[in-house]
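J.: Next up is a structure, given as structure tokens.
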Amino acid sequence: MYGLISWAKTQPEQAFATLAVPPSAIIAGLVAGTLLTVIAALVPAKAATAVAPLAALRPADDAAVGNRRGKVRLILGLVALLGGASLLIFGSTTVSLLIALFGGALSFVGILLCSTLFIPTVVAVAGRLAAPVGVPGKLAAVNATRNPARTSATAAALLIGVTLVSLMMTGAATSRQAFDDTLAENYPVDLGAMTAADAIGSGDAAVSRIKAIDGVNTAVLLPAVGTLAQATPDGGNTIYAISAADAASVLRDGALQPGPGTVFLPEDSRGGPAKISTAAGSVSLDAKVLRTRHIPPFVEKSSLASTPLPEMPAMVWVKLDDSVSADRVQAVQKEVATALGVQERTVSGAAIERVTFNSIIDVLLLVVTGLLGVAVVIALIGVANTLSLSVLERTRENSLLRALGLTTGQLRGMLAIEAVLVAGVAAALGAGIGVVYGWLGAQAALGGVADVVPAVPWLQLATVFGVAVVAGLLASVIPAHRAARLSPVEGLATA
């Protein structure tokens, strides 16, 4: 945290960051770590002491579908998975976050219970991809599933971390898209302002200056072309004109495409035919009431063959770059006001709201991903431990392979492929499960306030998968070095 805070202080938007270490954080960490370690040791300790000495000398059967342990685990896992999945889907469709949260946790417990039964099979199938490597690849595929219980436990630890990271990434991407779509519908224009009578130069010149502002994507000028016979809910009755091409370039809402013969009115306006007064006379147009109040009445230019009203100020709509920061939005707001010759408070829009929502999502995602990244590192330590145990158990076997002609490079490659198989399968399964949980979780949390459309952060998920595979390779370095430096003669002499 000290390193993160030190880095944050160098960033303009995070200069306020400070480091606080309350005693409760240290005490809670020590207590939680100790208790969890003791609790985790109780079940294996009880299992070890409950076995009779003679029974311990016989090889124990791993949980499989064909034996009693496997059948019990399968039944409990399927019950938890199906029951939890039903609750998760119900909570998502009814927008009940607590029900969806409980259902997701229960279904994931079911997946973990069944993991011992399907992970070794998946690893064995993935092992076929290593066959082209030759003898090291074929041996790695066999060794990866030699101890199914250990392989499943190791992969499950990594599966948990990758699933949670993928869940957060997918949920954040889906939430961001839902927020953007909702904001686009409620705030179709990033920034909007009226021109002033004493504006600096003409309206077109002001628009040109606005387009040159850093962070501005485009800007358009909307002349006032008429007035409504009845005022809108906010008291305005001026109608502005915009071309279809300009509307497509500046409006955030892609579904809002003005066409001829229709006047678009803000929310809560009266529908039906609208009577409009123009410089050339009265005109009646069909009225379409939008789901937003943050936009004035407007028409497509060809709908009213009328010259702009000289006594009425025009309006300027501005669209900003998607990557603009919150600080930059406020600066752009000031520069737009200066270019138009109006007060800054008269320049309004959704840009600040959009940047605020996105920054909140980014911070939450950064914090949670950092915490879950620690869980992934711990899981990868488990991969290294598993390989170390395999090296110790197969000391004579590896030495015999060396004596038969297996080179140290091939031995290292065999252990590296074995680690990659376990880490890769866990990462792939975790990413897929996390995507589904992320979608359903976003629907349960935001379905009541926005239309949630599933989004998949492919690049981020590919990065997680790549990191897991590379980390698996790194986890194999120490065990492989230990196995390779032992001479075949010493290994064969080991009891």
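J.: Which percent of the accessible area of segment 304-367 is formed by carbon and sulfur heavy atoms (probe 1.4 angstrom)?
T.: 60 percent
J.: Skip the ligands, DNA and RNA, and give the accessible area per residue of segment 78-152 with a 1.4 Å probe, whole Å². Intermediate results must be reported in sequence, preceding the final value.
T.: On the way: 3710 Å² over 75 residues.
The answer is 49 Å² per residue.
J.: Positive end of the charge dipole of segment 178-285 (Lys, Arg +1 and Asp, Glu -1 on Cβ, about the Cα centre): tell me which of M194, A206, A279 has its Cα farthest that way.
T.: Farthest along the dipole direction, towards plus: A279.
J.: Here's another thing I want to ask about it. Lys/Arg Cβ at +1, Asp/Glu Cβ at -1, dipole of the chain taken about the Cα centre: which of P260, L30, G382 is farthest positive-ward?
T.: G382
J.: State log₁₀ I(q)/I(0) for segment 335-474 at q = 0.21 Å⁻¹ as given by the Debye formula over alpha-carbon point scatterers of equal weight, solvent excluded.
T.: Cα-only, vacuum Debye calculation for segment 335-474: -1.29.
J.: Enter the accessible area per residue of segment 12-52 (Å², integer; probe 1.4 Å; all protein chains in place). Intermediate results must be reported in sequence, preceding the final value.
T.: Working: 3360 Å² over 41 residues.
With the other protein chains kept in place, segment 12-52 gives 82 Å² per residue.
J.: What is the antiparallel percent of DSSP beta bridges lying wholly in the chain, to the nearest 5?
T.: Details: 25 of 32 bridges.
Restricted to the chain, the bridges split so that about 80 percent are antiparallel.
J.: When ranked by the protection proxy of mean other Cβ atoms within 10 Å per residue, highest first, what sequence do the peptides 321-334, 92-105, 338-351, 21-34 form?
T.: 338-351, 92-105, 321-334, 21-34
J.: Continuing with this model, one more query. For the charge dipole of segment 386-495, defined by +1 on Lys and Arg C-beta atoms and -1 on Asp and Glu C-beta atoms about the Cα centroid, which residue among T395, G472, Y437 has the Cα displaced farthest towards the positive pole?
T.: T395
J.: Now for a different question. Counting only heavy atoms of protein chains, what accessible area per residue, in Å², does segment 377-431 have with a probe of 1.4 Å? Please report the intermediate quantities before stating the final value.
T.: Working: 2190 Å² over 55 residues.
So segment 377-431 comes to 40 Å² accessible per residue, rounded to a whole number.
J.: About its Cα centre, how strong a charge dipole does the chain have in debye, to the nearest 20, once Lys and Arg get +1 and Asp and Glu get -1 at the Cβ?
T.: With Lys and Arg at +1 and Asp and Glu at -1, about 2500 debye.
J.: Could you tell me the calculated FRET efficiency between L4 and T34, based on Cβ-Cβ distance and R0 = 25 angstrom, to the nearest 0.05?
T.: That gives a FRET efficiency of 0.45.
J.: Then there is this: Among all lysine pairs in the chain that are eight or more places apart or on different chains, how many have alpha carbons less than 27 angstrom apart?
T.: 11
J.: Continuing with this model, one more query. Below 8 Å, C-alpha to C-alpha, sequence gap of six or more: please give me the relative contact order for the chain in percent.
T.: Value for the chain: 22 percent.
J.: May I ask you to list, by number, the DSSP H helices of the chain whose Cα span along the axis is at least 18 Å and whose average Kyte-Doolittle hydropathy reaches 1.6 or more?
T.: Membrane-span-like by this rule: 23-49, 97-127, 351-393, 458-475.
J.: Between W458 and R69, take the C-beta separation as r, use R0 = 35 Å, and let me know the FRET efficiency to the nearest 0.05.
T.: Working: r = 39 Å, r/R0 = 1.12.
So, using R0 = 35 Å, E works out to roughly 0.35.
J.: Calculate the dipole size of segment 290-385 relative to its Cα centre from +1 charges on Lys and Arg beta carbons and -1 charges on Asp and Glu beta carbons; express the result in debye to the nearest 20.
T.: Approximately 200 debye in magnitude.
The values are calculated or read from the model by the stated rules, or taken from the named source; none is laboratory data. These numbers were taken from a predicted model, which means no experiment stands behind them. Ideal geometry is used to build each Cβ from the backbone, glycine not excepted, and the neighbour counts take in all protein chains shown. The protein model used for the area step is the full one, side chains on, heavy atoms only, and it has no ligands, DNA or RNA in it. Shrake-Rupley method; radii C 1.70, N 1.55, O 1.52, S 1.80 Å.
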